[in-house]
Every structure is written in C-alpha cells, then in structure tokens.
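Engineer: Structure below; questions to follow.
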Amino acid sequence: MDLPTQMKHVNKSLKEASQGSTIRLMTEHQMLATYVLPKALEINVKCKVSPVQENWKIELFPEN
C-alpha cells in the first residue's frame with residue numbers, strides 16, 4: 001500500500017482509538033511511524049511504535 005493511502009488509514013485508526021478501540025498496524029514506512037506519534041499525542045491516544053524486522057509495528061490505545 002502506498003504511503004498516502006496508509007496515512008489515511010492511520011488517521012482513521014487514530015479516530016477509532018480516541019473512541020475506545022485498540023488498534024495494531026504494521027507498515028514498512030518509517031515516515032508513517034514517525035508521523036503517527038505527534039498525531040496521537042494531539043488527540044490523547046497512547047501510541048507505541050516498535051521495529052519488527054524490516055517493518056514498524058504501530059499500536060494505538062485509548063487514553064483511559
């Protein structure tokens with residue numbers, strides 16, 4: 001999946017996490033992993049980014 005499409009998906013996932021869902025994503029784009037951190041902080045969503053082999057795991061959790 002290309003980066004712009006993944007960014008749209010991450011933005012949707014951030015909204016879902018802000019509404020109480022736990023979301024786990026995998027991406028090969030380090031830029032996306034970097035993008036999600038401040039976005040999650042803006043909307044009070046906990047975010048954990050971890051390297052997994054040559055990819056990045058993004059975990060989003062509701063704040064409470």
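Bear in mind these aren't lab numbers, they're just calculated from the coordinates by the rules spelled out. Note that the coordinates shown come from a computational prediction; the quantities given were computed from them, not determined experimentally. Positions of Cβ are backbone-derived with ideal geometry, glycine not excepted, and every protein chain shown enters the neighbour counts.
Engineer: Considering only the other residues whose Cβ falls under 11 Å of the Cβ of Pro62, what net charge follows from Lys and Arg at +1 and Asp and Glu at -1?
Structural biologist: Overall, the nearby charge balance is -1.
Engineer: Relative contact order for the stretch 1-50: what percent, with Cα pairs under 8 Å and sequence separation of 6 or more?
Structural biologist: It comes to 35 percent, rounded to a whole number.
Engineer: Here's a follow-up. Net charge around Ser50, counting only other residues with Cβ within less than 11 Å of its Cβ (Lys, Arg = +1; Asp, Glu = -1)?
Structural biologist: The answer is +2.
Engineer: Once you order the gyration tensor axes a ≥ b ≥ c over the Cα atoms, which shape class does the stretch 3-62 get: rounded for a/c under 1.5, otherwise prolate or oblate by comparing a/b with b/c?
Structural biologist: Prolate shape, in that a/c is at least 1.5 and a/b is the bigger ratio.
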